[in-house]
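The values are calculated or read from the model by the stated rules, or taken from the named source; none is laboratory data. Note that the structure is predicted; figures quoted are calculated from it, not measured. A quick note on method: Cβ atoms are made from the backbone with ideal geometry, for glycine too, and the neighbour counts reach across all protein chains shown.
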Amino acid sequence: MDMQSFQKGEYAAKDDLLGYRLIEGKKVGEYSFNSLGFRGKDFQVSKPKDTIRVMCVGGSTTIGSNAGGDNYTYPYILEELLRKVFPKGQRIEVINAGVFGYHSWHSLLRVEKEFDRYDPDFYVFMDGLNDVMAAYSIDKKALEHFANGAGSPYLSQLVNNNSESFVGRISAFLRVSALYSLMEHAGRTVQDWLESLNFDLKMREKMGLFGYRRNVERMVSILREKHKGVVLLNYPWIVDGTMKNEESASTLPYRIDPGLLKLYDFGRAYVQRTNAEIAAKLSVPYVDMQPIFDEQAKEWGLKRLYSDNLHFTRYGNYLLAKAVCRELVRNEAFTHMAGQAAENVNLDALFPEMSSWRPLEPGEACMGHDLVGWFGVCSAKSRIHVSGLDDIEIDPLGKWRWAYGGMIGLKFTAEAGQRLRIEFAINNPIPGQGLSIQANGVEVYKATDIPAQKWLVEKREGTCQITAKAGENQVNLVFLQGNHQGFDFAPADARTLNAAVLHLSIDNQ
């Protein structure tokens with residue numbers, strides 16, 4: 001059933017039913033998989049007494065790719081929110097059943113074959129993204145064969161839809177109409193419009209063959225028969241529905257092939273419309289995240305929401321969790337089990353680490369993490385403003401950031417007075433280099449006559465303690481010598497380079 005030729009990597013193993021599944025008890029990078037093969041902490045197979053169990057089902061956007069850690073996925077955050085909103089009712093468990101690359105066929109098979117053993121009370125489904133990607137990448141004839149094998153009741157209608165001739169008729173009409181000149185005047189040729197229309201028609205046909213709508217409706221019907229609650233969660237796409245070319249792609253914070261823009265635009269419109277129609281037809285609670293993310297993007301920018309072109313930051317996952325939480329608070333079946341919701345709960349105030357999070361900007365770093373190797377997320381109160389430290393550079397011997405201009409400046413705000421530890425490691429290219437570390441004007445470390453060192457092999461390491469005050473603090477690492485200041489170790493580089501910084505961090509003592 002692995003329709004996407006998904007790259008399984010170290011965290012998945014072959015599976016006869018699903019193609020592949022996560023390896024139980026495995027930890028890879030930021031991902032921890034429990035003894036049952038789900039991301040997050042362990043739980044009992046048999047649902048404990050007086051427990052409400054919610055199963056979040058989907059692909060990489062559910063499992064939380066690039067979120068920064070197990071605790072920053074939307075299922076984890078949802079459990080935290082629900083426990084705050086329903087403090088006196090039954091215990092609430094939320095299971096993260098997302099798997100990288102899974103689409104609606106995987107979800108349907110798991111509903112039919114696997115999930116009953118865990119006895120969830122409610123399901124939250126966020127599928128569609130991987131269905132679009134799979135349908136796009138698979139040849140139409142292969143999809144027809146696949147659909148025949150799946151017994152699609154709509155197959156003959158879909159296959160017999162002659163989209164090519166339909167486009168031809170539209171083209172002939174437009175070329176003799178006033179609309180033709182109007183569209184050209186607006187800077188959009190009929191040919192461009194027809195190509196877009198033709199692409200959409202072909203993709204609708206392929207999505208019909210792939211079976212997204214049929215699969216979701218089947219899942220809902222199965223769970224209804226078992227008296228389970230269902231919420232459909234619509235995936236929010238990073239595109240705004242109007243991006244058509246390389247110029248449009250350049251406005252996104254992450255690189256995307258301009259050729260994929262029309263696929264993203266199609267996916268946004270198709271999945272949103274299909275989910276809304278299914279929800280209306282089957283009277284299923286529906287949470288559409290697209291308008292929520294669109295509004296947030298206008299106010300805060302896309303980088304606060306997305307960690308790449310497809311996946312979410314911890315703030316994006318917080319928005320998903322908060323929207324689902326609000327839907328469950330309104331759901332009579334859920335509140336019947338969970339009890340009375342607490343009144344006037346300010347979720348943003350209860351979870352400031354989530355609600356106030358924003359991505360690191362150029363010139364910022366994060367307290368408690370290596371300034372030379374940290375690419376993750378950072379809360380507002382842990383943010384450090386950095387000067388005199390260039391971008392990360394990498395070669396086969398390692399990675400570093402050049403200290404330049406004679407001083408590295410680290411500015412941060414502390415909520416109260418506290419003791420902090422500074423750790424550093426530098427590779428020094430200048431004979432007789434000196435280094436002084438000063439905290440709020442007081443020297444706390446000094447080294448003189450540091451010898452020149454073999455490039456990225458030798459290093460000078462050090463540790464010192466500082467006393468931070470409540471409010472704004474300034475730590476400076478001051479170098480005695482630099483490139484072009486009596487010693488040119490890099491004559492062709494105009495920068496006043498002082499040392500290659502291999503490690504630098506400020507953390508609680």
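With (1) part of a loop (DSSP other than H, G, I, E, B); (2) at pLDDT 95 or above as the list, and V54 as the residue in question, which single condition is left unmet?
In the conditions (1) part of a loop (DSSP other than H, G, I, E, B); (2) at pLDDT 95 or above, V54 misses (1) alone.
If you scan the range 58-75, which residues turn out to be closer than 20 Å to D348 by Cα and either buried (at least 24 other Cβ atoms within 10 Å of the Cβ) or of a type in the set (V, I, T) (or both)?
Result: A67, Y72, T73, Y74, P75.
Any chance the range 6-29 includes a residue that's closer than 23 Å to A321 by Cα, at pLDDT below 95, assigned by TED's automatic domain parsing to the domain that holds H103 and assigned to a loop (DSSP other than H, G, I, E, B)?
no
Of all residues in the range 365-389 being of a type in the set (D, E, K, R) and surrounded by 15 or more Cβ atoms within 10 Å (Cβ to Cβ), which is modelled with the lowest pLDDT?
If we take residues in the range 365-389 being of a type in the set (D, E, K, R) and surrounded by 15 or more Cβ atoms within 10 Å (Cβ to Cβ), then D370 is modelled with the lowest pLDDT.
Given the conditions (1) in contact with a helix residue (DSSP H, G or I) (Cβ under 7 Å, 6 or more places away or on another chain); (2) under 20 Å from N130 (Cα atoms); (3) outside any strand (DSSP E or B), report the number of the one that V45 does not fulfil.
(2)
Applying the selection to the range 263-287, what residues are surrounded by fewer than 18 Cβ atoms within 10 Å (Cβ to Cβ) and within 21 Å of the chain's Cα centre (by Cα)?
Result: A269, single match.
Could you please let me know if Y264 is under 16 Å from L129 (Cβ atoms) and either of a type in the set (F, W, Y) or modelled with pLDDT under 80 (or both)? Can you show your working first?
On the way: under 16 Å from L129 (Cβ atoms): yes; either of a type in the set (F, W, Y) or modelled with pLDDT under 80 (or both): yes.
Judged against the criteria, Y264 is a match.
Please determine, by comparing only the residues of the range 78-122 that are small (G, A, S) and under 16 Å from R53 (Cα atoms), which one is surrounded by the fewest Cβ atoms within 10 Å (Cβ to Cβ). Quick ask: steps written out before the conclusion?
Filtering the range 78-122 down to residues small (G, A, S) leaves 89, 97-98, 101, 104, 107.
Next, from what is left, pick out any that are under 16 Å from R53 (Cα atoms): 89, 97-98.
Values: G89: 20, A97: 28, G98: 24.
Among those residues, the one meeting the criterion is G89.
In the range 307-359, how many are polar (S, T, N, Q), surrounded by 14 or more Cβ atoms within 10 Å (Cβ to Cβ) and over 23 Å from the mean Cα position of the chain (by Cα)?
Residues meeting the conditions: 2.
Quick one: would you say Q453 is out of contact with any Leu (no Cβ under 6 Å at 6 or more places or on another chain), in a loop (DSSP other than H, G, I, E, B) and over 14 Å from H503 (Cα atoms)?
Working: out of contact with any Leu (no Cβ under 6 Å at 6 or more places or on another chain): yes; in a loop (DSSP other than H, G, I, E, B): yes; over 14 Å from H503 (Cα atoms): yes.
Yes; evaluated as a whole, the condition is true for this residue.
Pick out the one residue from K459, K469 that is closer than 27 Å to K381 by Cβ, assigned by TED's automatic domain parsing to the domain that holds L389 and under 37 Å from the mean Cα position of the chain (by Cα). Let's see the steps before the verdict.
Values: K459 fails: closer than 27 Å to K381 by Cβ.
One residue alone meets the criteria, K469.
Could you list, in sequence order, all residues of the range 291-317 that are touching a Phe, Trp or Tyr at 6+ places or on another chain (Cβ under 7 Å) and not basic (K, R)?
Answer for the range 291-317, where residues must be touching a Phe, Trp or Tyr at 6+ places or on another chain (Cβ under 7 Å) and not basic (K, R): L305, Y306, D308, N309, F312, T313, Y315, G316, N317.
Each row is one residue, and each column tells you yes or no for (1) more than 23 Å from G98 (Cα to Cα); (2) among the hydroxyl-bearing types (S, T, Y); (3) not in a strand (DSSP E or B).
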residue	(1), (2), (3)
S221	no, yes, yes
H227	no, no, yes
V230	no, no, no
I256	yes, no, yes
K281	yes, no, yes
Y315	no, yes, yes
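Against the conditions (1) buried (at least 18 other Cβ atoms within 10 Å of the Cβ); (2) among the small types (G, A, S); (3) assigned to a loop (DSSP other than H, G, I, E, B), where does A494 fall short? Just the number, please.
Of (1) buried (at least 18 other Cβ atoms within 10 Å of the Cβ); (2) among the small types (G, A, S); (3) assigned to a loop (DSSP other than H, G, I, E, B), only one is false for A494: (1).
May I ask you to say which residue of A323, A342, A349 is modelled with pLDDT under 90, assigned by TED's automatic domain parsing to the domain that holds I77 and not in a loop (DSSP other than H, G, I, E, B)? Reasoning before the result, please.
Working: A323 fails: modelled with pLDDT under 90; A342 fails: not in a loop (DSSP other than H, G, I, E, B).
Every option except A349 fails the conditions.
So, of the residues in the range 454-509 that are over 18 Å from A425 (Cα atoms) and among the small types (G, A, S), which turns out to be modelled with the lowest pLDDT?
Only one residue fits best here, namely G486.
Any chance the range 390-401 includes a residue that's modelled with pLDDT of 80 or more, surrounded by 18 or more Cβ atoms within 10 Å (Cβ to Cβ) and outside any loop (DSSP other than H, G, I, E, B)?
Yes - at least one qualifying residue is present in the range 390-401.
The rows are residues; the columns are (1) of a type in the set (A, V, I, L, M, F, W, C); (2) outside any strand (DSSP E or B); (3) under 31 Å from the mean Cα position of the chain (by Cα); (4) under 16 Å from H369 (Cα atoms).
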site: L410; (1), (2), (3), (4): yes, no, yes, yes
site: G434; (1), (2), (3), (4): no, no, no, no
site: Y445; (1), (2), (3), (4): no, no, no, no
site: Q481; (1), (2), (3), (4): no, yes, no, no
